[in-house]
Amino acid sequence: MTDKSYKIKMEISGKTAMWTRPDTGDCPVSYPVPTYSAAKGIFESILWGPAIQIIPTKVEICTPVQYHNYQTNYGGPLRKSGVIAGGGGFQLLATVLIDVCYRLYAEVVPSPTKKRLPDKARQWDRQTTSPGHAYKDIFNRRLKRGQCFTIPFLGWKEFGPDYFGVFRKTTAVQSDVNMGITSMLREVFSEGYASKCSFTYDQGVKIVSGSLEFPKQGGHYVK
């Protein structure tokens with residue numbers, strides 16, 4: 001088996017997106033671009049396979065960065081017990097992005113955590129001399145056909161895409177977008193498939209000419 005990496009890419013757009021900054025509390029605010037884990041999740045929504053590891057490398061912003069106030073009535077399990085008992089909810093306020101479009105890039109390598117693989121994934125891994133190459137070929141076929149493992153979403157599940165697929169000729173990178181992000185969430189499950197929750201952050205992230213390149217390794221670790 002080879003450890004060679006294989007490159008994949010895709011485009012995704014939608015009316016609304018929310019890449020939540022954990023430091024913004026009860027009224028969350030979105031990062032201007034998908035986090036490392038969000039980009040990884042979008043690739044995995046097209047084709048998921050625990051025998052490989054997807055490593056997002058870059059995000060390109062392809063529409064102007066526009067923030068918008070968003071309000072919704074929350075009725076989920078995170079409400080206080082008294083509110084749930086009374087059948088009530090609470091109004092959630094957020095600052096989201098609108099009219100977004102991104103080009104996502106990643107590399108595919110064999111999974112380093114094979115001990116936690118399901119039996120079917122372990123069998124597939126043993127029978128495949130180059131799991132990264134196999135994943136890339138299947139991924140590209142599915143992307144061109146518009147197939148997916150689960151419906152991709154733009155941060156929050158209620159924010160579905162209006163397009164996902166190969167790069168479109170009409171899409172252009174917003175080269176005038178330049179900004180810094182002091183601390184950016186990287187991953188929540190940083191040890192791969194079936195791992196425990198452990199937050200990692202990248203420090204001093206920069207968007208240059210509409211492009212953010214993810215650091216090759218995560219930064220600050222919070223258990």
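Would you mind finding the one in 75, 89, 25, 82 that is surrounded by fewer than 21 Cβ atoms within 10 Å (Cβ to Cβ), farther than 22 Å from residue 207 by Cβ and either touching a Lys or Arg at 6+ places or on another chain (Cβ under 9 Å) or β-branched (Val, Ile, Thr) (or both)?
89
Which strands (runs of 3 or more DSSP E) sit wholly inside segment 48-113 and have at least 3 residues that are closer than 21 Å to residue 171 by Cβ and in contact (Cβ under 8 Å) with a residue 12 or more places away in the chain?
The strands (runs of 3 or more DSSP E) meeting that bar are 52-61, 90-110.
Restricting attention to segment 126-152, which residues are touching a residue at least 60 places away in the same chain (Cβ under 8 Å) and not in a helix (DSSP H, G or I)?
Residues satisfying the conditions are 128, 129, 130, 147, 148, 149, 150, 151, 152.
Of the residues that sit in segment 123-176 and are among the polar types (S, T, N, Q) and at pLDDT 95 or above, which one is nearest to the chain's Cα centre (by Cα)?
140
The values are calculated or read from the model by the stated rules, or taken from the named source; none is laboratory data. These numbers come from a predicted model, not from an experiment. Heads up, the Cβs are rebuilt from the backbone with ideal geometry, glycines too, and the neighbour counts pull from every protein chain shown.
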